[in-house]
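Report on the structure given below.
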Amino acid sequence: MRRALILLLALLVLSACAAPAEGTGEIPPSREIPADPAPVEPAPETEVPMEEVPSEDHVLLTLEAPLADGRTLTLEAVGKRVDEYSAGVREVRVWNGKELLQTVRAQEAVEHFWGDSDGGTASEYTTCWSPEESMEVLDLNFDGNTDFGLFGWPANNTIPYYYWMWDAEAEQYQYAFVLQGVSADSDKRELKSVFRLSAVEYETDYYRPDETGALDLARTEIDNWEAGGLDGRPASETWVPGPGQRFRPGAPDWSYHDLTLVRRELPVRESHDGGTISNYTEIWELIDGELQQTSREEFFYEDQS
């Protein structure tokens, strides 16, 4: 289901794409929402004009990748302008000083994710808005080794990245998964992925490394503006894997409905005699196998004057 959703969004956008732009599936104007509940990533404000990007392979972007053993690798994203509006990465060259350790082909990730869905050979190149956006580095599993991602394709959602993780034993980068809207919190040792399910529903997945460094889903949070949406407050739910359930990042064909609902926060408004209004948040929690209301907290707005 998850892969089908990303594929559908991507195909819709790619079929109609004339220039990098944000999607139009927004919350209806009449519903109050926070300024940025789960942002769709914008095109960079400053970028090299695409007509100035060469149409033959060259180094688009160079980034450093520190490792836990004290070395710092150099990553070179090699690619070209692939059309009037986009650049693409064909490979990432991994250097240890003057030694070329590895050449990572983008086609490996494209074939893994898309398979033969395009009816032919998978593209050798990724698709991104600018060379500056083509690659990012971060520590996905908090092992002290820098991993990297390639901007996958423009989407009507947060941007999908193809990610590779450093295998210290093999001294190589290994393809890992596709995730959207990724950020890493080293203090909490959590990897967060945020994306839009629909115009009124957002999903945030949290992953944590196990004892081997592999990432497992810890919990999923759903914000639903249709079910709540009172004065900029959605109805929020927390879902967690049940006993024996393990979900890896990028795993296909699962949804939060496969998890266990353990908490719900529901905005409530009450009108009183005299015209006064009170706002509350009802807290529901899973107790003895049943979701039960455990508290009701009054919600106060900060004085913006």
### Summary
Of the conditions (1) hydrophobic (A, V, I, L, M, F, W, C); (2) in contact with a helix residue (DSSP H, G or I) (Cβ under 8 Å, 6 or more places away or on another chain); (3) at pLDDT below 95, the single one that Ala77 does not satisfy is (3)
#### Entry: Filtered residue count, segment 265-297, keeping only those that are open to solvent by less than 80 Å² (accessible area, probe 1.4 Å) and either small (Gly, Ala, Ser) or out of contact with any strand residue (DSSP E or B) (no Cβ under 7 Å at 6 or more places or on another chain) (or both)
6
### Query
Of the residues that make up segment 190-207, is at least one touching a Lys or Arg at 6+ places or on another chain (Cβ under 9 Å), assigned to a loop (DSSP other than H, G, I, E, B), under 13 Å from Asn141 (Cβ atoms) and not acidic (Asp, Glu)?
no
### Message
Just the residues that are open to solvent by 50 Å² or more (accessible area, probe 1.4 Å) and over 21 Å from Gly242 (Cα atoms), please, taken from segment 208-229.
### Response
Glu226, Ala227
### Query
Which one of the conditions (1) more than 16 Å from Tyr202 (Cα to Cα); (2) open to solvent by less than 60 Å² (accessible area, probe 1.4 Å) does Phe300 fail to meet, given that it meets all the rest?
(2)
## Note on the structure
By residue number, the members of segment 68-82 that are in contact (Cβ under 8 Å) with a residue 24 or more places away in the chain and under 26 Å from the mean Cα position of the chain (by Cα) are Ala68, Leu73, Leu75, Ala77, Gly79, Lys80, Arg81, Val82
### Task
Go through the residues of segment 207-217 one by one and say whether even a single one is without any contact (Cβ under 8 Å) to a residue 24 or more places away in the chain, over 30 Å from Thr127 (Cβ atoms) and among the acidic types (Asp, Glu).
yes
### Message
Being hydrophobic (A, V, I, L, M, F, W, C) and free of Cβ contacts under 8 Å to residues at least 12 places away in the same chain is the requirement here; does Ala170 meet it?
### Response
yes
### Summary
Listed by first then second residue, the pairs whose first member lies in segment 48-61 and is closer than 22 Å to Val94 by Cα, whose partner is of a type in the set (Val, Ile, Thr) and modelled with pLDDT of 85 or more, with beta carbons under 6 Å and at least 6 positions apart or on separate chains, are Asp57/Val78; Val59/Val78
## Note on the structure
Per the list (1) under 25 Å from Thr158 (Cα atoms); (2) aliphatic (A, V, I, L, M); (3) modelled with pLDDT of 95 or more; (4) open to solvent by 50 Å² or more (accessible area, probe 1.4 Å), residue check on Val82 breaks on (3)
### Task
Would you point out which residue out of Val178, Val182 is open to solvent by less than 40 Å² (accessible area, probe 1.4 Å), in contact with a Ser or Thr (Cβ under 7 Å, 6 or more places away or on another chain) and in contact (Cβ under 8 Å) with a residue 40 or more places away in the chain?
Val182
### Query
Pick from segment 156-175 the residues that are among the hydrophobic types (A, V, I, L, M, F, W, C) and open to solvent by 10 Å² or more (accessible area, probe 1.4 Å): which of them is farthest from Thr62 (Cα to Cα)?
Ala170
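Give the residue that is farthest from Glu226 (Cα to Cα), with candidates limited to residues of segment 248-260 that are open to solvent by 30 Å² or more (accessible area, probe 1.4 Å) and not hydroxyl-bearing (Ser, Thr, Tyr).
Filtering segment 248-260 down to residues open to solvent by 30 Å² or more (accessible area, probe 1.4 Å) leaves 248, 252-253, 257-258, 260.
Narrowing the set further to residues that are not hydroxyl-bearing (Ser, Thr, Tyr) leaves 248, 252-253, 257-258.
Details: Arg248: 29, Pro252: 26, Asp253: 25, His257: 18, Asp258: 21 Å.
Out of the qualifying residues, it is Arg248.
The values are calculated or read from the model by the stated rules, or taken from the named source; none is laboratory data. The shown structure was predicted, so the numbers you read here are calculated from the model rather than taken from an experiment. FYI the Cβ positions are ideal-geometry reconstructions off the backbone, even for glycines, and counts take in every protein chain you see. Quick note on the areas: whole protein, heavy atoms, side chains included, nothing else; ligands and nucleic acids left out. Shrake-Rupley method; radii C 1.70, N 1.55, O 1.52, S 1.80 Å.
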